[in-house]
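Enquirer: The structure's right below; bear with me while I get my questions together.
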Amino acid sequence: MTTQTIDPTTRRVPPLGGFNATMLGLELRRMLRNRRTVIITLILPALLYLMIGTNTSYSNQTEGSGNVSAYILISMAAYGAVLASTSGGAMVATERALGWSRQLRLTPLSPVVYILVKSIVALALGALSVVAVNVVGAVNGKATMPTHVWITAAIIAWAGSVVFGAFGLFMGYLLPSENVMQVLGPVLAGLAALGGLWFPINSHSTMGHISACTPIYGLAQLARWPLYGGAPHAVWVVNLVVWLAIFVGGAAWRMSKDTARV
Amino acid sequence: MTQTSLSGTSGSSAGAVPAVRISGVTKDFGSVHAVRGIDLTLDQGEIVAFLGPNGAGKTTTIDMVLGLSHPTSGSVEVLGLPPRHAIARGLVSAVMQTGGLLKDLTVRETVQYTASLFAGATPVDEVLRTAGIESIADRKVGKCSGGEQQRLRFAMALLSDPALLLLDEPTTGMDVEGRRAFWSAIRADAEKGRTVLFATHYLEEADQYADRIVLISHGRIVADGTGSQIKALAAGRTIRATLPDADADVLSALAGVENVDVRGDAVYIHAKDTDEVARYLLTQTAAHDLEITARGLEDAFLSLTGDDHDITPTDSEGASA
């Protein structure tokens with residue numbers, strides 16, 4: 001009955017675990033086509049800055065080498081980066097819920113490359129968010145700080161948000177639902193308040209000690225550090241590194257549990 | 001439960017590596033034994049139906065062939081390779097009944113995305129044309145009908161020209177005409193060496209389209225043969241008689257007897273010509289209390305699978321396995 005057979009040795013394995021420009025391009029395009037993602041990550045933080053950061057009763061008071069507006073601008077850029085990176089990472093929740101992750105496991109794509117692509121997309125979205133807030137801030141003109149502070153703060157806010165890319169992945173694997181960001185949005189708003197992004201928290205108060213243990217604290221402090229100069233506190237760096245380790249560990253743990261049914 | 005072995009089903013085509021070789025595989029989920037020891041070899045170019053009630057172990061076995069999970073014991077090889085290696089070479093594809101698609105990509109983007117992951121995939125436009133989804137290429141997947149999405153899934157599965165294709169309830173929701181066209185396409189590909197393993201709980205479909213039916217129940221293979229061999233199990237009638245110390249070997253040797261089952265003082269004899277067996281029992285042995293019952297196709301499967309439900313002889317509603 002069989003007239004032909006297939007020789008498996010004639011088949012090739014794709015290079016780089018399946019990583020390629022076509023898929024990365026499609027992933028970036030998907031992200032920008034998602035209206036909710038664009039509103040939450042690109043428009044909301046800029047809008048918040050305009051609402052909070054430009055109030056004339058305090059905006060021009062001196063804060064470090066800049067003014068209060070600059071302080072709030074950096075905070076909102078960090079908040080935008082956090083939202084964007086989390087949304088990017090949490091895309092895996094939707095993809096798991098839809099069975100797309102399972103579909104991908106029937107292709108040569110390596111799971112490591114999949115996570116890498118999700119991380120690139122999350123960081124790209126984070127970068128866009130930081131740029132959006134800063135452009136709005138620059139055009140608005142209320143925020144003043146030296147250019148190098150402006151640039152370093154933006155880069156730290158963006159790079160530090162990698163912690164939340166990992167957080168998004170972890171939550172994406174933990175909560176397989178199509179609308180995981182509806183849960184994570186309020187959680188992040190709460191964490192931002194605790195981490196000192198909405199209003200300054202006295203670091204010597206009880207609230208200050210609690211704040212120092214929450215995941216946004218390290219990022220918030222480090223992003224605003226260029227405004228003040230000097231040496232960064234070890235606790236800021238420790239906070240960032242420990243939370244990064246917790247979220248990466250959590251994501252890796254959930255992923256490894258995720259064997260039979262993706 | 002014992003395996004009903006039917007002759008001449010696993011002869012290997014000379015020289016070619018088998019499409020699937022499952023040896024002594026078990027799979028436990030905690031204290032649940034989903035697969036209790038399966039040996040199965042599929043040759044290249046075979047179309048095989050994997051038939052069994054829900055929860056029989058079909059999906060668990062298929063997941064192991066796909067490398068999505070690992071056997072608790074035993075080994076699985078796909079074209080002589082570990083399953084993940086076969087998948088990395090694009091040798092294996094699977095089409096599920098639902099899911100597996102991103103709603104926010106267009107049909108073309110979905111095919112492009114999948115194609116980009118394989119070394120040497122068929123060109124995207126050609127695949128869209130063959131699958132008959134060229135006209136909806138720029139439509140968002142979320143806006144496609146169920147049938148269109150199913151055609152897209154097939155297009156994706158065929159991109160890498162797989163040597164082994166696994167299908168889960170492939171023709172659910174298709175009309176008679178669609179079903180016929182589908183199977184003639186599958187048949188044409190099988191002639192080029194592609195092996196097709198499809199899970200189903202429709203006896204009729206398994207019988208009509210598969211070269212071979214593997215019947216699985218409670219994590220074991222209970223029958224393996226061609227459709228007609230499987231159906232032969234259902235032919236004839238069963239005699240039940242009370243016969244202490246029945247000699248199963250002697251009874252099995254009677255003309256037309258296919259199966260003898262001794263349970264305590266009761267003996268169950270399945271035979272084509274039960275009149276002859278009854279005559280023998282009543283004249284040559286101490287047998288009494290004879291009962292003769294006819295067995296339908298469905299009953300044959302029920303007795304093989306040891307279940308009272310879940311197997312449907314013809315199309316009817318049923319959950320996917």
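Enquirer: Please count how many residues of segment B:19-44 are within 13 Å of another protein chain (Cβ to nearest Cβ), in a strand (DSSP E or B) and within 18 Å of B:L164 (Cα to Cα).
Expert: Of the residues in segment B:19-44, 3 are within 13 Å of another protein chain (Cβ to nearest Cβ), in a strand (DSSP E or B) and within 18 Å of B:L164 (Cα to Cα).
Enquirer: Is it the case that A:M255 is of a type in the set (A, V, I, L, M, F, W, C), touching a residue at least 40 places away in the same chain (Cβ under 8 Å), assigned to a helix (DSSP H, G or I) and within 14 Å of chain B (Cβ to nearest Cβ)? So that I can check it myself, show each step before the final result.
Expert: Numbers: of a type in the set (A, V, I, L, M, F, W, C): yes; touching a residue at least 40 places away in the same chain (Cβ under 8 Å): yes; assigned to a helix (DSSP H, G or I): yes; within 14 Å of chain B (Cβ to nearest Cβ): yes.
Judged against the criteria, A:M255 is a match.
Enquirer: Only one of these conditions is not met by A:Y71: (1) facing chain B (nearest Cβ under 9 Å); (2) in contact with an Asp or Glu (Cβ under 6 Å, 6 or more places away or on another chain). Which number is it?
Expert: (1)
Enquirer: Being in a strand (DSSP E or B), within 7 Å of another protein chain (Cβ to nearest Cβ) and surrounded by fewer than 24 Cβ atoms within 10 Å (Cβ to Cβ) is the filter here, so list the residues in segment B:64-93 that pass it.
Expert: B:L81
Enquirer: Does B:D161 meet the test of being within 14 Å of chain A (Cβ to nearest Cβ), more than 27 Å from the chain's Cα centre (by Cα) and outside any helix (DSSP H, G or I)? Outline the logic, then answer.
Expert: Details: within 14 Å of chain A (Cβ to nearest Cβ): yes; more than 27 Å from the chain's Cα centre (by Cα): no; outside any helix (DSSP H, G or I): yes.
Criteria not met by B:D161.
Enquirer: Oh, and also: What about B:K143, is it among the basic types (K, R), surrounded by fewer than 21 Cβ atoms within 10 Å (Cβ to Cβ) and at the interface with chain A (Cβ under 8 Å from one of its Cβ atoms)? Please lay out each step first, then the result.
Expert: Values: among the basic types (K, R): yes; surrounded by fewer than 21 Cβ atoms within 10 Å (Cβ to Cβ): yes; at the interface with chain A (Cβ under 8 Å from one of its Cβ atoms): no.
The answer is no for B:K143.
Enquirer: In segment A:15-27, which residues are facing chain B (nearest Cβ under 7 Å) and more than 18 Å from A:A122 (Cβ to Cβ)?
Expert: Taking segment A:15-27 and keeping what is facing chain B (nearest Cβ under 7 Å), we get A:18, A:20, A:22-23, A:26.
Selection gives A:G18, A:N20, A:T22.
Enquirer: Quick one: what pairs do we get from segment A:5-17, first residue polar (S, T, N, Q), second at pLDDT below 85, C-beta under 9 Å, 6+ apart or different chains?
Expert: As it stands, the answer is A:T5/B:S13; A:T5/B:G15; A:T5/B:A16, since those pairs meet every condition given.
Enquirer: Report, ordered by the first and then the second residue, all pairs with beta carbons closer than 6 Å, sequence separation of six or more or different chains, a first member in segment B:105-122 that is at the interface with chain A (Cβ under 10 Å from one of its Cβ atoms) and farther than 16 Å from B:E134 by Cα, and a second member that is charged (D, E, K, R) and surrounded by 21 or more Cβ atoms within 10 Å (Cβ to Cβ).
Expert: Hits for this filter: zero, empty list.
Residues checked against (1) out of contact with any Pro (no Cβ under 8 Å at 6 or more places or on another chain); (2) not aliphatic (A, V, I, L, M):
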{"residue": "B:G74", "(1), (2)": "yes, yes"}
{"residue": "B:G80", "(1), (2)": "no, yes"}
{"residue": "B:G100", "(1), (2)": "yes, yes"}
{"residue": "B:D104", "(1), (2)": "yes, yes"}
{"residue": "B:S116", "(1), (2)": "yes, yes"}
{"residue": "B:V124", "(1), (2)": "yes, no"}
{"residue": "B:R129", "(1), (2)": "yes, yes"}
{"residue": "B:S135", "(1), (2)": "yes, yes"}
{"residue": "B:K140", "(1), (2)": "yes, yes"}
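Enquirer: How many residues does segment B:230-255 hold that are on the phi > 0 side of the Ramachandran plot and over 28 Å from the mean Cα position of the chain (by Cα)? Let's see the steps before the verdict.
Expert: So the first thing to find is which residues in segment B:230-255 are on the phi > 0 side of the Ramachandran plot, and the list is B:236, B:245.
Right, trim to over 28 Å from the mean Cα position of the chain (by Cα) and you get B:245.
Number satisfying all stated conditions: 1.
Enquirer: A further question follows. Restricting attention to segment A:211-252, and to residues there that are of a type in the set (S, T, Y) and crowded, with 20+ Cβ neighbours inside 10 Å, which single residue is nearest to the other protein chains (Cβ to nearest Cβ)? Spell out how you get there, then give the answer.
Expert: Narrowing segment A:211-252 to residues of a type in the set (S, T, Y): A:211, A:214, A:217, A:228.
If we keep only those that are crowded, with 20+ Cβ neighbours inside 10 Å too, we end up with A:211, A:217.
Numbers: A:S211: 38, A:Y217: 35 Å.
Only one residue fits best here, namely A:Y217.
Enquirer: When only residues in segment B:123-144 that are assigned to a loop (DSSP other than H, G, I, E, B) and at pLDDT 90 or above count, which is nearest to A:T107 (Cα to Cα)? Show your work before the answer.
Expert: Restricting attention to segment B:123-144, the residues satisfying the condition of being assigned to a loop (DSSP other than H, G, I, E, B) are B:123, B:131-133, B:137-139, B:144.
Those left that are additionally at pLDDT 90 or above: B:123, B:133, B:137-139, B:144.
Details: B:P123: 16, B:I133: 21, B:A137: 21, B:D138: 23, B:R139: 23, B:C144: 23 Å.
The selected residue is B:P123.
Enquirer: While we're on this one: Which residues, counting only those in segment A:185-209, are at negative phi and in a loop (DSSP other than H, G, I, E, B)?
Expert: Looking only at segment A:185-209, we keep the residues that are at negative phi, and these are A:185-195, A:197-209.
A:G195, A:L197, A:W198, A:F199, A:P200, A:I201, A:N202, A:S203, A:H204, A:S205, listed by residue number.
Enquirer: Separate question: Given the criterion exposed (fewer than 14 other Cβ atoms within 10 Å of the Cβ) and closer than 27 Å to A:Q61 by Cα, identify the matching residue among A:M207, A:M145.
Expert: Details: A:M145 fails: exposed (fewer than 14 other Cβ atoms within 10 Å of the Cβ).
Selected residue: A:M207, the only one of A:M207, A:M145 that is exposed (fewer than 14 other Cβ atoms within 10 Å of the Cβ) and closer than 27 Å to A:Q61 by Cα.
Enquirer: Which one of these is in contact (Cβ under 8 Å) with a residue 12 or more places away in the chain, under 27 Å from B:L79 (Cβ atoms) and surrounded by fewer than 17 Cβ atoms within 10 Å (Cβ to Cβ): B:R187, B:R194, B:R220, B:R212? So that I can check it myself, show each step before the final result.
Expert: Numbers: B:R194 fails: surrounded by fewer than 17 Cβ atoms within 10 Å (Cβ to Cβ); B:R220 fails: surrounded by fewer than 17 Cβ atoms within 10 Å (Cβ to Cβ); B:R212 fails: surrounded by fewer than 17 Cβ atoms within 10 Å (Cβ to Cβ).
Checking each option against the conditions leaves just B:R187.
Enquirer: Restricting the search to segment B:45-63, which residues are buried (at least 22 other Cβ atoms within 10 Å of the Cβ), in a loop (DSSP other than H, G, I, E, B) and more than 8 Å from chain A (Cβ to nearest Cβ)?
Expert: Those that are buried (at least 22 other Cβ atoms within 10 Å of the Cβ), in a loop (DSSP other than H, G, I, E, B) and more than 8 Å from chain A (Cβ to nearest Cβ): B:G52, B:P53, B:A56, B:G57.
Enquirer: In segment B:226-249, is there at least one residue being without any contact (Cβ under 8 Å) to a residue 24 or more places away in the chain, in contact with a His (Cβ under 9 Å, 6 or more places away or on another chain), farther than 30 Å from B:T172 by Cβ and in the same structural domain as B:A294 (by TED's automatic domain parsing)?
Expert: no
Enquirer: Looking for whichever is of a type in the set (D, E, K, R), out of contact with any strand residue (DSSP E or B) (no Cβ under 9 Å at 6 or more places or on another chain), within 14 Å of chain B (Cβ to nearest Cβ) and crowded, with 21+ Cβ neighbours inside 10 Å here; the options are A:R36, A:R30, A:R12, A:R96. Which one fits? Show your work before the answer.
Expert: On the way: A:R36 fails: crowded, with 21+ Cβ neighbours inside 10 Å; A:R30 fails: crowded, with 21+ Cβ neighbours inside 10 Å; A:R12 fails: crowded, with 21+ Cβ neighbours inside 10 Å.
Being of a type in the set (D, E, K, R), out of contact with any strand residue (DSSP E or B) (no Cβ under 9 Å at 6 or more places or on another chain), within 14 Å of chain B (Cβ to nearest Cβ) and crowded, with 21+ Cβ neighbours inside 10 Å holds for just one of A:R36, A:R30, A:R12, A:R96, which is A:R96.
Enquirer: Quick check on my filter: what residues within segment B:164-178 are surrounded by 17 or more Cβ atoms within 10 Å (Cβ to Cβ) and more than 14 Å from chain A (Cβ to nearest Cβ)?
Expert: Residues satisfying the conditions are B:E169, B:P170, B:T171, B:T172.
Enquirer: Also, quick follow-up: So which residues in segment A:151-170 are crowded, with 22+ Cβ neighbours inside 10 Å and farther than 14 Å from A:I216 by Cα, if there are any at all? Can you show your working first?
Expert: Residues of segment A:151-170 crowded, with 22+ Cβ neighbours inside 10 Å: A:153-154, A:156-158, A:160-161, A:163-170.
Scanning segment A:151-170 gives A:A153, A:A154, A:L169, A:F170.
Enquirer: Can you give me the number of residues within segment A:210-245 that are in a helix (DSSP H, G or I) and within 17 Å of A:E63 (Cβ to Cβ)? Outline the logic, then answer.
Expert: Applying the first criterion (in a helix (DSSP H, G or I)) to segment A:210-245 yields A:210-212, A:215-228, A:234-245.
Going one step further and asking which of them are within 17 Å of A:E63 (Cβ to Cβ), we end up with A:220-228.
Looking only at that region, the number is 9.
Enquirer: Before we move on, is A:V131 hydrophobic (A, V, I, L, M, F, W, C), under 15 Å from B:S116 (Cα atoms) and part of a helix (DSSP H, G or I)?
Expert: no
Enquirer: Can you list the strands (runs of 3 or more DSSP E) lying wholly within segment B:210-281 that have 3 or more residues being farther than 30 Å from B:L40 by Cβ? Please lay out each step first, then the result.
Expert: Values: elements: B:212-217, B:220-225, B:237-242, B:257-263, B:266-271.
Qualifying strands (runs of 3 or more DSSP E): B:237-242.
The values are calculated or read from the model by the stated rules, or taken from the named source; none is laboratory data. The structure displayed is predicted, hence computed values, not measured ones. A quick note on method: Cβ atoms are made from the backbone with ideal geometry, for glycine too, and the neighbour counts reach across all protein chains shown.
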